[in-house]
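For reference, the structure discussed in these notes is given below.
Laboratory data are not the source of any read-out in this text; all were calculated from the coordinates shown. Keep in mind that this is a model prediction, so the values were computed, not measured. As a convention, Cβ positions derive from the backbone with ideal geometry for all residues, glycine included, and neighbour counts pool all protein chains shown.
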Amino acid sequence: MLTKNSTLIFNYFDEGRRLMREHLESDPYESLKQNVYSASFLSLLEHTLTPMMSERRIRVWHYTHLLNDEIASMQRRLVPSSLIGLEQRLESLINRRVISKQEAQIIYDQSPFHQQGGLRSNRVYTTTVPFSPEYPGVVPLLQSWGGESAYFWLSDEVIAAKLKTIGTPRIVEIETALEDEMNAYSSARTATEAWARTLDVAVEVLSSDLAIIDCLDTAKVLRVHTAGDGVFEKLAASYPSEYKSQFTN
């Protein structure tokens with residue numbers, strides 16, 4: 001289907017780049033003009049590619065910082081984030097004497113789950129495109145145990161520093177279905193961007209945050225890359241030569 005619609009995909013992204021350049025260089029200022037290929041492209045994306053993707057399973061990427069037994073548990077069953085889950089994990093650290101009860105209470109009380117539970121609970125966040133572990137957007141996730149649920153609003157610098165010493169940075173490859181929310185649409189969009197690169201359009205292949213929710217029971221952990229294993233450090237930084245020019249800037 002991508003091959004069949006290559007001309008449209010090329011024209012849409014190429015025209016989009018031209019219009020953005022014209023917009024940014026305009027003097028006096030001119031508003032961004034409408035892409036004449038938008039309607040046809042969005043129709044292809046929404047009515048053809050998205051339904052096709054909704055029937056497929058894809059590989060996505062999860063960035064985290066976990067203890068060995070936590071990653072072993074994750075490999076057996078993908079468990080979504082939740083406030084109760086955070087409490088249980090903190091209790092485990094207390095029992096191991098890694099943190100004190102007082103420190104655990106501070107982490108729990110300042111967790112964004114209390115205000116943002118609807119956006120964070122009962123889901124596992126992933127990306128549709130892999131990032132290098134040095135990419136600024138994933139560095140905090142790899143640096144601290146517990147993810148954003150633990151460190152995001154944590155004001156105690158001493159405890160925050162301690163969280164960075166617990167566990168090891170991991171990048172988890174997960175296979176999942178695309179039936180949740182906008183996942184099929186987001187993946188279809190990523191596919192058109194990647195395809196445009198093969199057509200020599202200098203478009204950035206943007207990643208989408210993909211939340212696994214209803215598909216958790218059928219999602220599978222494929223591989224876990226741990227800091228220091230060699231693959232972890234090379235991920236998304238080294239592609240075979242025939243792909244590098246297509247999917248990296």
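Computed values, structure above
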quantity: Sorted largest first, extent of region 130-246 alpha carbons per principal axis (Å); calculated: 51, 35, 26
quantity: Listed residues Pro112, Ser92, Ser144: farthest to the positive end of the dipole of region 75-157 (Cβ charges); calculated: Ser92
quantity: For region 74-137: rounded, prolate or oblate by the Cα gyration tensor [a/c cutoff 1.5]; calculated: prolate
quantity: In Hz, Karplus ³J(HN,Hα) per residue of region 223-233 (6.51, -1.76, 1.60; θ = phi - 60°; x = Gly, Pro); calculated: 8, 10, 9, 10, 3, x, 8, x, 5, 3, 5
quantity: Label corresponding to Cα extents along the principal axes in Å when calculated from the structure given, among [x] 61, 45, 36; [y] 76, 45, 32; [z] 63, 48, 33; calculated: [x]
quantity: Assigned charges on the beta-carbon of Lys, Arg, Asp, Glu; region 112-202 dipole about Cα centre (debye); calculated: 220 debye
quantity: About the Cα centre, charge dipole magnitude for the chain (Lys/Arg +1, Asp/Glu -1 at Cβ), debye; calculated: 660 debye
quantity: Simple label model, 7 Å out from Cα along Cβ direction - Val36 to Met182, nm; calculated: 2.9 nm
quantity: Given charges at Cβ of Lys, Arg, Asp, Glu: region 150-217 dipole, positive-most of Tyr185, Thr198, Val158; calculated: Val158
quantity: Gyration tensor (alpha-carbon) shape descriptor, region 184-238, a/c threshold 1.5; calculated: oblate
quantity: Cut-off under 5 Å, modelled amide H: who pairs with His65 long-range; calculated: Gly146, Gly147, Arg170
quantity: Surrounding net charge for Leu141, when Lys and Arg each add one and Asp and Glu each subtract one, Cβ distance under 14 Å; calculated: 0
